[in-house]
Amino acid sequence: EPEVTQTPSHQVTQMGQEVILRCVPISNHLYFYWYRQILGQKVEFLVSFYNNEISEKSEIFDDQFSVERPDGSNFTLKIRSTKLEDSAMYFCASSELVRSDEAFFGQGTRLTVV
Amino acid sequence: AQSVAQPEDQVNVAEGNPLTVKCTYSVSGNPYLFWYVQYPNRGLQFLLKYITGDNLVKGSYGFEAEFNKSQTSFHLKKPSALVSDSALYFCAVRDRPGRRALTFGSGTRLQVQP
């Protein structure tokens with residue numbers, strides 16, 4: 001069964017450093033997403049990406065964040081100058097064009113900012 | 001703003017008994033409702049969705065959900081629980097077509113006892 005894969009599974013970084021979270025969406029999917037879940041809180045939408053551009057973003061997704069699809073397979077989330085409150089589980093997801101409502105999520109990257 | 005409430009942090013049920021995981025929603029327009037499941041160390045998996053049509057929606061693994069507009073609810077049900085159904089269940093809503101962001105509930109942990 002095809003799945004979304006995320007690397008690394010756990011990333012520890014110092015406050016102020018830049019991190020890049022990586023995702024490989026399912027190969028025939030065209031919509032890509034990032035969500036995050038702060039420990040003990042709800043899963044929150046960050047951004048959606050389609051046709052090489054951001055299609056939707058939340059208030060959380062400020063100038064500190066950026067996304068990129070650098071090649072035909074990877075989808076990345078960059079966080080510049082990380083803050084303690086960026087510590088969370090970050091989920092990547094993708095969906096196909098026809099059944100775009102049905103998103104497939106990766107297992108997540110746990111980001112710890114110290 | 002749209003929101004989702006899952007009033008139970010945990011639901012315990014004996015194997016073979018029917019199960020219900022509750023979800024209520026609040027949206028300004030017509031709701032697009034989803035259930036996702038998360039097994040340990042895995043990403044969220046799509047279970048089922050309600051967009052329009054029959055109020056009873058059938059999904060994966062024998063799960064179904066009933067849309068009740070008057071009660072603004074979308075409870076997840078299964079006639080006979082399995083131990084393997086033990087997982088974290090998330091209800092989610094989207095308030096209009098073309099919008100990609102899902103708003104998730106806080107999740108309900110289902111524990112099925114043998």
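Computed from the coordinates by the stated procedures, all read-outs in this text should not be read as laboratory data. Fair warning: this is a prediction, and the values are worked out from it, not measured in the lab. So basically every Cβ, Gly included, is an ideal-geometry build from the backbone, and we count neighbours across all protein chains shown.
Decide, for the range B:37-101, between rounded, prolate and oblate: order the square roots of the alpha carbon gyration tensor eigenvalues as a ≥ b ≥ c, take rounded if a/c falls under 1.5, and otherwise choose prolate if a/b is larger than b/c, else oblate. Show your work: numbers first, answer last.
Numbers: a/c = 2.27, a/b = 1.32, b/c = 1.73.
Taking the square roots of the gyration eigenvalues as a ≥ b ≥ c, the range B:37-101 is oblate.
With a 10 Å cut-off around each Cβ of B:106-112, the average count of Cβ atoms from other chains is 1.
Over 21 Å apart: what share of the alpha carbon pairs of the protein assembly as shown falls there, rounded to a whole percent?
Details: 14270 of 25878 pairs.
Above the 21 Å cut-off, the protein assembly as shown has 55 percent of its Cα pairs.
Legend: translational diffusion of the range B:1-72 by Stokes-Einstein, Rh = Kirkwood radius over C-alpha pairs, 25 °C, 0.890 mPa s; D = 178 µm²/s.
Just add up the charged neighbours of A:M15: K/R +1, D/E -1, any other residue whose Cβ is under 15 Å from the Cβ of A:M15.
Working: positive: A:R80, A:K83; negative: A:E18, A:E85, A:D86.
Around A:M15, the surrounding residues sum to -1.
Counting only DSSP beta bridges with both residues in the protein assembly as shown, what percent are antiparallel, rounded to the nearest 5? The antiparallel fraction comes to roughly 90 percent. Label point of B:Y39 set 7 angstrom out along Cα-Cβ; within the range A:1-25, amide nitrogens under 15 Å from it belong to A:1-4. Here the spin labels are modelled as points 7 Å beyond Cα on the Cα-Cβ line, and at B:S70 and B:N17 they lie 2.9 nm apart. When the inverse distances between all different Cα atoms of chain A are averaged and flipped, the Kirkwood radius reads 14.0 angstrom. Pair-distance distribution of the range B:64-114: all C-alpha pairs, bin width 10 Å, starting at 0; shares per bin in whole percent are 21, 43, 28, 8, 0.
Step through the table entries A:K57/A:K83; A:K42/B:K49; A:K57/B:K77, compare each Cα-Cα distance with 22 Å, and write down the pairs that go over it.
Numbers: A:K57/A:K83 20 Å; A:K42/B:K49 19 Å; A:K57/B:K77 32 Å.
From the list (A:K57/A:K83; A:K42/B:K49; A:K57/B:K77), the Cα-Cα distance tops 22 Å for A:K57/B:K77.
Where in the range A:77-114 is the amide nitrogen less than 12 Å from a point lying 7 Å along the Cα-to-Cβ axis of A:E68? Answer for this model: A:77-80. For B:N30 and A:L30, the FRET efficiency from 1/(1 + (r/R0)^6), where r spans their Cβ atoms and R0 equals 22 Å, is about 0.35. Summing Lys and Arg as +1 and Asp and Glu as -1 over all other residues whose Cβ lies under 15 Å from the Cβ of B:G43 gives a net charge of +1. From the alpha carbon centroid of the range B:16-78 to that of the range A:26-90 is 25 Å. Modelled spin labels at A:S81 and B:T52, positioned 7 Å past Cα toward Cβ, are 4.7 nm from each other.
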